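For reference, the structure discussed in these notes is given below.
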Amino acid sequence: MTHPGEQFYPEGVRWDAPIAKGTLPDLLAEAAQQFGPRPALEFRDRQISYTKLHDLAGTAAAALLRAGYGPGSSVALFLGNTPDHPINFFGALKAGARIVHLSPLDGERALSHKLTDSGARVLITTDSAALLPMALKFLDKGLLDRLIVCADDDWGAVGNPHAALPVDPRVVRYADFVRDAQQPASWPEVSPDDIALLQYTGGTTGLPKGAMLTHANLTSAVSIYDVWTLVRGEGVQRVICVLPLFHIYALTVILLRCLKMGDLISLHQRFEVAAVFRDIEEKRATAFPGVPTMWIALANDPSLESRDLSSLTMAGSGGAPLPVEVARLFERKTKLKLKSGWGMTETCSPGTGHPPEGPDKPGSIGLMLPGIEIDVVALEDSKKVLPPGAVGELRIRGPNVTKGYWNRPQETAESFVGDRFLTGDIGYMDPDGYFFLVDRKKDMIISGGFNVYPQMIEQAIYEHPAVQEVIVIGIPDAYRGEAAKAFITLRAGAAPFTVEELRDALAGKLGKHEYPAAVEFVTELPRTPVGKLSRHELRNQLSKSTNQSQ
């Protein structure tokens with residue numbers, strides 16, 4: 001065994017197994033050819049076959065090419081979990097364009113930056129009242145040349161509120177956009193090394209930066225998971241998808257991987273405990289990848305022990321650290337082992353995972369997956385590899401790791417040591433090859449599975465007229481894992497305000513998942529020796545205060 005932890009791999013799985021790579025249009029085309037009439041998606045109790053999904057994506061691709069959005073173009077998707085996402089995701093890629101995911105959870109400022117930075121001048125959204133008004137703001141600000149609007153009712157009317165489309169030549173209904181679109185004599189050539197996706201994550205400047213994920217990165221990520229689960233359940237798996245498809249976790253682990261394997265994706269627009277139980281009990285779902293907040297809600301549901309969860313063969317958690325007590329509670333109530341892996345936007349999701357059998361290591365994120373190398377290096381010297389048990393920064397390399405950040409050559413250079421990516425996560429590897437995380441080098445907060453960046457929150461809070469200075473840090477949250485708390489000094493003569501009033505002031509500047517859960521007013525904030533505000537010292541002060549009060 002040449003790689004730590006390989007002795008615990010499932011039988012027949014090798015670390016050095018070949019990792020296939022290709023393009024995402026080919027992935028869908030091959031799935032359609034192999035699985036044809038088999039249902040690929042189910043949404044609002046209606047199913048879409050592999051053949052139909054492939055045909056709809058081809059129509060979208062033809063329409064985008066006709067409109068001039070082919071190779072070299074960035075196409076932004078501002079969509080929730082409806083079939084419109086995979087149709088246009090694969091459609092734009094087949095046209096030779098690259099995708100830019102816009103999160104409906106983000107505030108106007110971050111979304112505007114992503115559009116400007118990515119160069120996307122066309123956006124595909126839906127007429128949902130939750131999305132269209134924001135998309136129209138981008139049009140009014142001159143950030144878009146064209147807005148393509150899908151009809152939510154095309155997938156079955158459910159009474160969702162819709163927004164009216166303005167009379168504007170730049171706004172086109174999706175049905176009109178794709179009408180009479182003819183497939184070209186030949187499709188644009190797409191290479192595995194082409195950028196498929198600009199997936200935005202936090203930047204050191206406080207503004208998001210786009211991880212450049214190639215077709216090879218994303219197809220390799222799918223292949224890594226395929227190798228890892230060499231042995232799987234018989235027949236078609238029914239996988240619950242409440243995780244948002246604009247997030248790398250759901251995109252890779254559910255959408256791409258399930259389509260590659262011929263599984264059925266049960267698509268939900270939001271997480272609802274009753275709907276998840278219905279999928280498992282009535283529709284006999286076999287797999288549910290979730291984030292800790294979802295497992296907390298399920299584990300605390302009073303009806304859990306009386307539910308029939310016998311069809312469920314896989315329960316996985318990702319996106320954020322899983323509290324050990326939640327995993328224990330869920331296992332105690334269901335007899336299902338709930339284990340979490342680790343990955344990043346920059347790794348297209350795969351990083352570590354737990355084998356079906358192996359040592360029980362509470363709190364561990366598991367072993368490095370096939371084809372991926374992870375080591376731990378000294379915080380003061382990112383070239384110095386540390387031995388098992390020593391705490392340092394995790395580095396990673398593999399075919400799934402990003403080539404860098406869009407338009408950010410300096411940040412790209414600072415993020416790599418040779419071909420090894422510095423994750424910013426602090427942890428250690430035990431003698432068995434299992435990894436554990438203990439902290440994050442960067443100040444990122446993970447709230448409900450989403451990355452929240454203190455500096456962006458601070459920048460928005462500074463616009464409040466009463467605020468003199470502010471530091472935002474993460475605090476424990478029983479439901480989200482972590483939440484943001486703002487420590488504020490006030491301007492002379494200014495009056496304190498409630499956290500509710502602060503949230504009202506931040507509306508439109510931040511996503512709701514970024515809103516502080518608490519605010520505390522202080523007379524002074526700690527600083528570094530050169531006068532910069534210090535989150536690190538604030539945490540130390542709070543830790544000392546907590547210890548003294550116990």
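The values are calculated or read from the model by the stated rules, or taken from the named source; none is laboratory data. Keep in mind that this is a model prediction, so the values were computed, not measured. Every residue, glycine among them, receives a Cβ derived from its backbone with ideal geometry; neighbour counts consider all protein chains shown.
If only one of LEU147, LEU197 is over 30 Å from ASP443 (Cα atoms), assigned to a strand (DSSP E or B) and in contact (Cβ under 8 Å) with a residue 24 or more places away in the chain, which one is it?
Among LEU147, LEU197, only LEU147 is over 30 Å from ASP443 (Cα atoms), assigned to a strand (DSSP E or B) and in contact (Cβ under 8 Å) with a residue 24 or more places away in the chain.
I need the full set of residues from the stretch 110-148 which are buried (at least 23 other Cβ atoms within 10 Å of the Cβ), among the β-branched types (Val, Ile, Thr) and either over 17 Å from ALA67 (Cβ atoms) or at pLDDT below 95 (or both), in order please.
Within the stretch 110-148, just THR126 meets the criteria.
I'm trying to understand the selection: among the residues of the stretch 21-40, which are small (Gly, Ala, Ser) and crowded, with 16+ Cβ neighbours inside 10 Å?
Residues satisfying the conditions are GLY22, ALA29, ALA31, ALA32, ALA40.
How many residues are surrounded by fewer than 19 Cβ atoms within 10 Å (Cβ to Cβ), touching a strand residue (DSSP E or B) at 6+ places or on another chain (Cβ under 6 Å) and among the polar types (S, T, N, Q) if we restrict to the stretch 403-434?
The number of residues fulfilling the criteria is 1.
Take the residues in the stretch 445-495 that are hydroxyl-bearing (Ser, Thr, Tyr) and part of a strand (DSSP E or B), then tell me which one is farthest from PRO244 (Cα to Cα). Lay out the reasoning, then the answer.
Keep residues of the stretch 445-495 that are hydroxyl-bearing (Ser, Thr, Tyr), which gives 447, 453, 462, 479, 489.
In the following step, the residues that additionally are part of a strand (DSSP E or B) were identified as 447, 489.
On the way: SER447: 15, THR489: 37 Å.
The selected residue is THR489.
Out of everything in the stretch 312-344 that is free of Cβ contacts under 8 Å to residues at least 40 places away in the same chain and assigned to a loop (DSSP other than H, G, I, E, B), what residue ends up being nearest to ALA285 (Cα to Cα)?
Among residues in the stretch 312-344 that are free of Cβ contacts under 8 Å to residues at least 40 places away in the same chain and assigned to a loop (DSSP other than H, G, I, E, B), the one nearest to ALA285 (Cα to Cα) is LEU312.
Considering only the stretch 158-177, state which residues are more than 29 Å from the chain's Cα centre (by Cα) and either part of a loop (DSSP other than H, G, I, E, B) or exposed (fewer than 11 other Cβ atoms within 10 Å of the Cβ) (or both).
Scanning the stretch 158-177 gives ALA164, LEU165, PRO166, VAL167, ASP168, PRO169, ARG170.
Identify, please: which residue in the stretch 178-192 is within 32 Å of the chain's Cα centre (by Cα) and hydrophobic (A, V, I, L, M, F, W, C) and is, among those, surrounded by the fewest Cβ atoms within 10 Å (Cβ to Cβ)?
Of the stretch 178-192, the ones within 32 Å of the chain's Cα centre (by Cα) are 178, 187-192.
From what's left, hydrophobic (A, V, I, L, M, F, W, C): 178, 187, 190.
On the way: VAL178: 22, TRP187: 16, VAL190: 20.
So the residue we want is TRP187.
Which residues, counting only those in the stretch 377-402, are crowded, with 16+ Cβ neighbours inside 10 Å and farther than 19 Å from ASP430 by Cβ?
Scanning the stretch 377-402 gives SER382, ARG397, GLY398, PRO399, ASN400, VAL401, THR402.
Restrict the check to the stretch 255-268 and report whether at least one residue is at pLDDT 95 or above, at positive phi and touching a Phe, Trp or Tyr at 6+ places or on another chain (Cβ under 8 Å).
Yes, the stretch 255-268 contains a residue that is at pLDDT 95 or above, at positive phi and touching a Phe, Trp or Tyr at 6+ places or on another chain (Cβ under 8 Å).
Criterion first (hydrophobic (A, V, I, L, M, F, W, C), surrounded by 19 or more Cβ atoms within 10 Å (Cβ to Cβ) and assigned to a helix (DSSP H, G or I)) does ALA60 satisfy it?
yes
Would you point out the residue of the stretch 446-477, among those that are touching a strand residue (DSSP E or B) at 6+ places or on another chain (Cβ under 9 Å) and polar (S, T, N, Q), that is surrounded by the most Cβ atoms within 10 Å (Cβ to Cβ)?
So the first thing to find is which residues in the stretch 446-477 are touching a strand residue (DSSP E or B) at 6+ places or on another chain (Cβ under 9 Å), and the list is 446-449, 451-458, 460-462, 464, 466-477.
Retained after the next criterion (residues that are polar (S, T, N, Q)): 447, 451, 455, 468.
Working: SER447: 22, ASN451: 20, GLN455: 18, GLN468: 13.
So the residue we want is SER447.
Condition test on ALA67, is it touching a residue at least 60 places away in the same chain (Cβ under 8 Å), in contact with a helix residue (DSSP H, G or I) (Cβ under 7 Å, 6 or more places away or on another chain) and surrounded by 16 or more Cβ atoms within 10 Å (Cβ to Cβ)? Don't jump to the end; show me each part of the working.
Numbers: touching a residue at least 60 places away in the same chain (Cβ under 8 Å): yes; in contact with a helix residue (DSSP H, G or I) (Cβ under 7 Å, 6 or more places away or on another chain): no; surrounded by 16 or more Cβ atoms within 10 Å (Cβ to Cβ): yes.
Against the criterion (touching a residue at least 60 places away in the same chain (Cβ under 8 Å), in contact with a helix residue (DSSP H, G or I) (Cβ under 7 Å, 6 or more places away or on another chain) and surrounded by 16 or more Cβ atoms within 10 Å (Cβ to Cβ)), ALA67 does not qualify.
Among residues belonging to the stretch 523-550 that are farther than 27 Å from ALA495 by Cα and in a loop (DSSP other than H, G, I, E, B), point out the one that is modelled with the highest pLDDT.
Here the residue is THR528.
If I filter the stretch 246-260 for residues that are within 22 Å of SER317 (Cβ to Cβ), in contact (Cβ under 8 Å) with a residue 60 or more places away in the chain and assigned by TED's automatic domain parsing to the domain that holds GLY70, do I get at least one hit?
Within the stretch 246-260, not a single residue is within 22 Å of SER317 (Cβ to Cβ), in contact (Cβ under 8 Å) with a residue 60 or more places away in the chain and assigned by TED's automatic domain parsing to the domain that holds GLY70.
Output the residues belonging to the stretch 82-109 that are surrounded by fewer than 22 Cβ atoms within 10 Å (Cβ to Cβ) and either under 16 Å from the mean Cα position of the chain (by Cα) or part of a helix (DSSP H, G or I) (or both).
SER103, PRO104, LEU105, GLU108, ARG109
Looking only at the stretch 462-487, how many residues end up being out of contact with any helix residue (DSSP H, G or I) (no Cβ under 7 Å at 6 or more places or on another chain) and closer than 12 Å to PRO516 by Cα?
To start, the set of residues in the stretch 462-487 that are out of contact with any helix residue (DSSP H, G or I) (no Cβ under 7 Å at 6 or more places or on another chain) comprises 462-463, 465-466, 468-469, 474-478, 482-483, 485.
Filter once more, keeping what is closer than 12 Å to PRO516 by Cα: 474-475, 477, 482-483, 485.
Matching residues across the stretch 462-487 total 6.
Check ALA507, ALA478, ALA483, ALA518 and return the single one that is within 28 Å of PRO292 (Cβ to Cβ) and either polar (S, T, N, Q) or modelled with pLDDT of 95 or more (or both).
On the way: ALA507 fails: either polar (S, T, N, Q) or modelled with pLDDT of 95 or more (or both); ALA478 fails: either polar (S, T, N, Q) or modelled with pLDDT of 95 or more (or both); ALA483 fails: either polar (S, T, N, Q) or modelled with pLDDT of 95 or more (or both).
Result: ALA518 is the single residue among ALA507, ALA478, ALA483, ALA518 that is within 28 Å of PRO292 (Cβ to Cβ) and either polar (S, T, N, Q) or modelled with pLDDT of 95 or more (or both).
So if I check each of GLY508, GLY493, which one is surrounded by fewer than 16 Cβ atoms within 10 Å (Cβ to Cβ), under 30 Å from LYS137 (Cα atoms) and small (Gly, Ala, Ser)?
Working: GLY493 fails: under 30 Å from LYS137 (Cα atoms).
Unique residue meeting the criteria: GLY508.
Collect the residues in the stretch 110-142 that are part of a loop (DSSP other than H, G, I, E, B) and either free of Cβ contacts under 8 Å to residues at least 12 places away in the same chain or not assigned by TED's automatic domain parsing to the domain that holds ASN407 (or both), keeping them in residue-number order.
Looking only at the stretch 110-142, we keep the residues that are part of a loop (DSSP other than H, G, I, E, B), and these are 119-121, 127, 129-131, 141-142.
Result: GLY142, single match.
Taking the stretch 193-225, which residues are aromatic (Phe, Trp, Tyr) and either over 17 Å from the mean Cα position of the chain (by Cα) or more than 26 Å from TRP406 (Cα to Cα) (or both)? Give the derivation first.
Taking the stretch 193-225 and keeping what is aromatic (Phe, Trp, Tyr), we get 200, 225.
Answer for the stretch 193-225, where residues must be aromatic (Phe, Trp, Tyr) and either over 17 Å from the mean Cα position of the chain (by Cα) or more than 26 Å from TRP406 (Cα to Cα) (or both): just TYR225.
Residue under question is TYR225, and the condition is that it be touching a residue at least 12 places away in the same chain (Cβ under 8 Å), under 21 Å from LEU79 (Cβ atoms) and in a helix (DSSP H, G or I); does it hold? Please lay out each step first, then the result.
Details: touching a residue at least 12 places away in the same chain (Cβ under 8 Å): yes; under 21 Å from LEU79 (Cβ atoms): no; in a helix (DSSP H, G or I): yes.
Here the answer is no, as TYR225 does not meet what is asked.
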